[in-house]
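Before any comments, here is the structure.
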Amino acid sequence: MTSRARRLALVAGAALVLASVSSAIAQGQAPGRQGRQRNARVLVAQIPVELLQTVCKLTPEQVTKIKAIQTKLAEDLRALRPQQGAAPDPAAAQKRRDLTQQATTEINNILTPEQKEALRNAAPEIAVLRSLGIPLQVVGDLKLTDEQKKKLTDIAREIREKVQNLSPEERRSKMRELTADARTKAEALLTAEQKEVIKKFNEENRQRRGRAGNRRGGANPPA
């Protein structure tokens, strides 16, 4: 599945910063310099509301408010993308960080202390799943067993240790091999039903992205 291939490219880098990601998820703190761009991807504002609902037991009112915040964030981030043929805005990266941090703060203000604690406790698991390319939107539907979670954590730890022992040049040359190996090991732990859940999500996500691309490009949808 091609959509998963993009996420695989993040595995090695995400594994390097797994510990710092864990605290950044729950607290909305700016991560350290190492892997800063990748860490920002898993701040609270960008954890799917479906997963937040599973972890934090959100009320219907909280779900509505968080969805609105995340929708606005997505729209604001989309507006920062350069138009076709236009030069990128040098300030866009900082604007994206500021917008994500603002949305994270707003969501944290909605959560109760107990919900924040639940999210902090779940942060290491969320970071592991993210680093292995498992869509966070379907984590609740996967119903991973404790044994699966432990083995997935072991896979993430293994690749982190491998990457840490490589030089920058070796990391670049072996990235594809490492990510493919991690993906293979992670998939081998999933049942046929769990794989089907991920497959269905990825296919639907590709279709949504395709429709969004057609709208941005002004193309007419197929008859």
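The values are calculated or read from the model by the stated rules, or taken from the named source; none is laboratory data. Fair warning: this is a prediction, and the values are worked out from it, not measured in the lab. FYI the Cβ positions are ideal-geometry reconstructions off the backbone, even for glycines, and counts take in every protein chain you see.
Checking the condition at pLDDT 85 or above, of a type in the set (S, T, N, Q) and either within 30 Å of residue 61 (Cβ to Cβ) or surrounded by 13 or more Cβ atoms within 10 Å (Cβ to Cβ) (or both), which residue from 71, 145 passes?
Checking each option against the conditions leaves just 71.
What's the number of the condition residue 85 fails, among (1) at pLDDT 85 or above; (2) surrounded by fewer than 18 Cβ atoms within 10 Å (Cβ to Cβ)?
(1)
Just a yes or no: is a residue in the stretch 184-192 modelled with pLDDT of 85 or more, more than 20 Å from the chain's Cα centre (by Cα) and not in a helix (DSSP H, G or I)?
Yes; the residues of the stretch 184-192 include at least one that is modelled with pLDDT of 85 or more, more than 20 Å from the chain's Cα centre (by Cα) and not in a helix (DSSP H, G or I).
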